[in-house]
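Below you'll find the structure I mean.
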Amino acid sequence: MFRFIKDLIAHLARGGTLYYAWLLILAALIVNGLIAYSHQLQDGLIVTNMRDQVSWGFYISNFTFLVGVAAAAVLLVIPAYLYNFKPIKEIVLFGEMIAVTALIMCILFVVVDLGRPQLAWHIMLSPNFPSSLLVWDVIALNGYLVINLTAVTYVLYRAAHGKAYSMSIMWPIVLLSIPWAISIHTVTAFLYNGLSSRPFWNASIVAPRFIASALCSGPALMILIFQAARKLSKIDVTDAAIFKIAELIAYAMGLNLYLFGAEIFKEFYSDSIHLAPMKYLFFGLHGHDVLVPFTWTAVACNLTAFFLLIDPKTRRNFRFLNIACVLVIVGVYIEKGMGLIIPGFVPDTLGEIYDYLPNALELKVGAGIWAIGALIYTFMVKTAIPIYEGELTLLPKGTTADMSKLRH
């Protein structure tokens, strides 16, 4: 084990110019984010652009988006383990790593959103379970993190011994992870649903929309990461796996757009007083229109991506596929982030309108957290690949494993 850890550290420290440049960029973003967060920790949330009228902002927007990215790992788990679809089975581990990374980032975004994070441990002392939806969310997120960490650790541990994983052990993990993946985004949606004074969130369609959009953004991010990984490493990512994921994104985006259209129809056709947040989002309200450009950008991105992905010709062309994936990520990031959180507070319960956009400090802290996630995933992939290739092993010296059997 000590030899393995020593070899692992040496492997992580070894790389080309591009690898060191990547680590340097991430380190700079992390340090910059820590400096910005130290100011927030010292002076309080007043240094952000959040106020009493809009008490959730950029941090919770990123949290909501990343919960979807984490839940999207189920899109690889189902075809890989339940249907034994070999092209995706080869890369499902790296999808589970994305889920682990996204969940760690979710927790970090919640921590920085707390004015006094040192008091978070009180939820352990008086959890108010089962009444509190916040406690349900804590259980769902941490439980899903443990499930995916267990799966990744077990598979890599067996690979380090030159052995394939046992399905008798993986089956319970897989069967538990599928409903749990749906639950983490459902419970997050219920957090918003439960606030009856916020009509923009108080709709039963929020949870299905969360799931549909999660199955778009998460896999789109995976496609881009997998393409970069197979160019820069020895990961065996086939075109068949990428095209199958793209096809599933197309169906999910179609469902997401349908649910979005149904919500728009309900709000605008009823033309009740609860239409105000939706009007603010799309057309502005009483001269306040800071979110309007973001909203229409998200709509354009999602529609364009859908038409590119639904057509097999463009879906199987990597140039158009990559454009579509970027558009999906941008569109859902806005829709599930600023386009969901901010309108819930505008106008507030007293009718006041406060225009919120994140300031430089919030952007620095957010960039630092994204950099931490990128660093974690980089190290996880750089650990997994040599284990699969037999370069890092827990076997005694002089012993070799048949890696071809391990892969199959």
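Scan segment 13-24 for residues that are open to solvent by 40 Å² or more (accessible area, probe 1.4 Å) and in contact (Cβ under 8 Å) with a residue 12 or more places away in the chain and jot them down.
Within segment 13-24, 18, 22 qualify.
What tally of residues in segment 169-226 results from selecting those that are within 18 Å of residue 260 (Cβ to Cβ), of a type outside the set (Phe, Trp, Tyr) and not in a helix (DSSP H, G or I)?
Total satisfying the criteria: 5.
Here is a further query. Considering only segment 379-394, state which residues are open to solvent by 30 Å² or more (accessible area, probe 1.4 Å) and in a helix (DSSP H, G or I).
379, 380, 382, 388, 389
Which pairs have Cβ atoms under 8 Å, sit 6 or more apart or on different chains, and link a residue in segment 55-77 that is within 13 Å of residue 340 (Cα to Cα) to one that is open to solvent by 10 Å² or more (accessible area, probe 1.4 Å) and charged (D, E, K, R)?
Partner pairs satisfying both residue conditions: 56/113; 59/113; 60/113; 63/113.
Might you check whether a residue that is at negative phi and out of contact with any Phe, Trp or Tyr (no Cβ under 9 Å at 6 or more places or on another chain) occurs anywhere in segment 182-192?
Checked segment 182-192: at least one residue is at negative phi and out of contact with any Phe, Trp or Tyr (no Cβ under 9 Å at 6 or more places or on another chain).
Go through segment 342-372 and count every residue that is in a helix (DSSP H, G or I) and not charged (D, E, K, R).
15
Let me ask something additional. Limited to segment 64-108, what total is found for residues that are of a type in the set (S, T, N, Q), crowded, with 24+ Cβ neighbours inside 10 Å and part of a loop (DSSP other than H, G, I, E, B)?
So the count comes out to 0.
Then there is this: Across segment 320-334, what is the number of residues that are open to solvent by 30 Å² or more (accessible area, probe 1.4 Å) and in contact (Cβ under 8 Å) with a residue 40 or more places away in the chain?
The total comes to 4.
Hey, another quick one. Kindly indicate whether residue 255 is under 18 Å from residue 72 (Cα atoms) and not aromatic (Phe, Trp, Tyr).
yes
Then there is this: Can you pull out every residue in segment 230-256 that is part of a helix (DSSP H, G or I) and buried (at least 19 other Cβ atoms within 10 Å of the Cβ)?
Residues satisfying the conditions are 241, 242, 245, 246, 248, 249, 250, 252, 253, 256.
Residue 169 - would you say it is more than 30 Å from residue 396 (Cβ to Cβ), β-branched (Val, Ile, Thr) and out of contact with any Asp or Glu (no Cβ under 9 Å at 6 or more places or on another chain)?
no
Residues to consider are 259, 281; find the one that is crowded, with 19+ Cβ neighbours inside 10 Å, of a type outside the set (Ser, Thr, Tyr) and farther than 22 Å from residue 321 by Cα.
Every option except 281 fails the conditions.
Sort through 45, 12, 66, 29 and tell me the only one that's among the aliphatic types (A, V, I, L, M), over 30 Å from residue 215 (Cβ atoms) and modelled with pLDDT of 85 or more.
Unique residue meeting the criteria: 45.
Which ones in segment 335-373 are surrounded by fewer than 19 Cβ atoms within 10 Å (Cβ to Cβ), modelled with pLDDT under 95 and either of a type in the set (Phe, Trp, Tyr) or under 29 Å from residue 94 (Cα atoms) (or both)?
Within segment 335-373, 354 is the sole residue that qualifies.
Answer yes or no as to whether residue 273 is open to solvent by 10 Å² or more (accessible area, probe 1.4 Å) and under 28 Å from the mean Cα position of the chain (by Cα).
no
The values are calculated or read from the model by the stated rules, or taken from the named source; none is laboratory data. This one's a predicted model, so the numbers in the text were calculated from it and none came from an experiment. Note that we place each Cβ from the backbone using ideal geometry, even for glycine, and neighbour counts take in every protein chain shown. Each accessible area value is taken on the protein alone, full model and side chains, heavy atoms only, with ligands, DNA and RNA left out. Shrake-Rupley method; radii C 1.70, N 1.55, O 1.52, S 1.80 Å.
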